[in-house]
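No lab work stands behind these numbers, since they all come straight from the coordinates. Fair warning: this is a prediction, and the values are worked out from it, not measured in the lab. Ideal geometry is used to build each Cβ from the backbone, glycine not excepted, and the neighbour counts take in all protein chains shown.
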Amino acid sequence: MPRIVRDANLETRTARARLKARKKEYIRLIEPGLHLAYRKVKNGPGTWAVRRYLGAQRYSLENLRTRDGTIILADDYADADGIAVLNFSQAQAKAAALGQTAVVANADKLLSVSEAVQRYETNLKARNADPSNAGRVRLHLPKRLGDLVVAKLAVRDFADWIDSLGRAGLSASAINRINNAFKAALNLAADEDERIIGRPWERAIKLLPDATEARNIILPDKLVRAIVAACYRESPELGIFAEVAAVTGARPIQLARLVVDDVIADRHSPRLMMPSSKKGRGKKRMERRPVPVSLDLAHRLLVQAKGRVAHEPLLRKPGGERWKKSDHNRPFARAVKAYDPTLIDEGVTIYALRHSAIASELMQGLPIRIVAGTKDTSVAMLEKHYARFITDHSDALHRTMLRDMAPEEDGSLPGNVVAIR
């Protein structure tokens, strides 16, 4: 029997109760080409389905059914009986069994490069990772290269790819990110198909040197407050979004994932239960960590969220929708430009609020491990990108411990120091 995979959003009825009812299924990858799907409905229990990859960006979707053809329900309300009502692990086992007996017409078909990128995107979604990594590859993928079969690639086939990135006018770090995603897509295809050998892309695609230095713009506290005020003038919704970003140092995607229930204000130490950003490798499980905020900010967040249920978005756009990726870019740029156009020329974005919060905490002597924990990053990344601020603080601490060797008024050395003759 294949191993049972985990999924924080689907494996318990409590977790599924927090999901939004929608037409599109919630998907969990079980094994390459096979997924368990969960349909959440507004009223009543959800249902389970199995989704199979057919190749050429096509999928089949089939309800899990009992022997008499009845659609199998999830154990959202009733306890699982292993037949008509299945829990997450039981549904997963049944879907895996169906996958083993299914005959897929295109099973022997070799993947094209474009199909490998599509499969990589599906894999990212199944792991709760950022599917835009695949989107960036697709944006720059030449058609000639996309139509080639992965198993038949040679080093020379990547000349068009390298030229296309060079013509795009991208920074070295952006090119490296896209190259890493492209190689990950091709490596995934090779991992799933033993007929793909050699992996010529590892020799053809080289990362550019000196491309890892981050340009973290650090703003003084006074300027941060002025920018937040400018965002409030743009709209109250953008203002509160920017204020939470400046106070917590969280990434915009984390702020967008906040729900009403994440505000803890009924205590002397108010905080936000900040969701993780799901950055990094491997399966991304949503975690929440407490980040301190002021009592005033916590109460204002609850006031503006009044009337919404616990799982609804805490921060919303002026139209009432949830903030999505990059939605903040244009209104934030307008607000900053209205305050001081030169800041736009200097590259100030909403991420400057994050960088400034991190630098401020380091300069004030907050232990680097605590900063890393509340900012959803690692000590290694802080040391790499904020070393100057760590060094400045350690230098200040060191100077408080320096011994004063200045002579006394009578010319003698202080204390019991004896001059060497």
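Treating r as the C-beta distance of L366 and L208 and R0 as 25 Å, the FRET efficiency rounds to 0.15.
If R0 equals 41 Å, the separation of the Cβ atoms of A229 and D163 corresponds to a calculated FRET efficiency of about 0.30.
Checking the Cα-Cα distances for K143/K325; K206/K325; K24/K143; K183/K337; K183/K317; K222/K375 against a 32 Å cut-off, the pairs over it are K183/K337; K183/K317.
Can you give the Rg/Rh ratio of segment 221-398, where Rg is from the C-alpha atoms and Rh is the Kirkwood radius? Rounded to two decimals, Rg/Rh equals 0.96. For segment 101-210, applying the loop criterion from DSSP together with a ceiling of 14 other beta carbons within 10 Å to the GluC sites (Glu not before Pro) yields E194. Between A380 and V309, the simple label model (points 7 Å from Cα in the Cβ direction) yields a spacing of 4.2 nm. In this simple spin-label approximation, I344 and S89 carry label points 7 Å from Cα along the Cα→Cβ vector, and these lie 5.7 nm apart. Please say if segment 1-98 is rounded, prolate or oblate, where rounded means a/c under 1.5 for a ≥ b ≥ c the square roots of the C-alpha gyration tensor eigenvalues, and otherwise the choice is prolate for a/b larger than b/c and oblate otherwise? Rounded, because the longest to shortest axis ratio a/c is under 1.5. Students often get this wrong: which residues of segment 136-151 have the backbone nitrogen under 12 Å from the point 7 angstrom along Cα-to-C-beta of R195? Within reach of a label on R195, which here means backbone N under 12 Å from a point 7 Å along Cα→Cβ, segment 136-151 contributes 149-151. For segment 155-197, the set of trypsin sites (Lys or Arg not before Pro) satisfying both a DSSP loop assignment and a count of at most 15 other C-beta atoms within 10 Å is given as R195. Cβ-to-Cβ counts within 10 Å put D76, D193 in ascending order as D193, D76, the fewest first. Computed from the C-beta positions of R22 and E287, the FRET efficiency with R₀ = 22 Å rounds to 0.40. Along the positive direction of the dipole of segment 13-101 (beta-carbon charges: Lys, Arg +1; Asp, Glu -1; about the Cα centre), which of L36, N87, T66 reaches farthest? Result: L36. Counted residue by residue at 0.36 nm each, then reduced by the alpha carbon distance between them, the extension gain from N9 to R322 reaches 110.8 nm.
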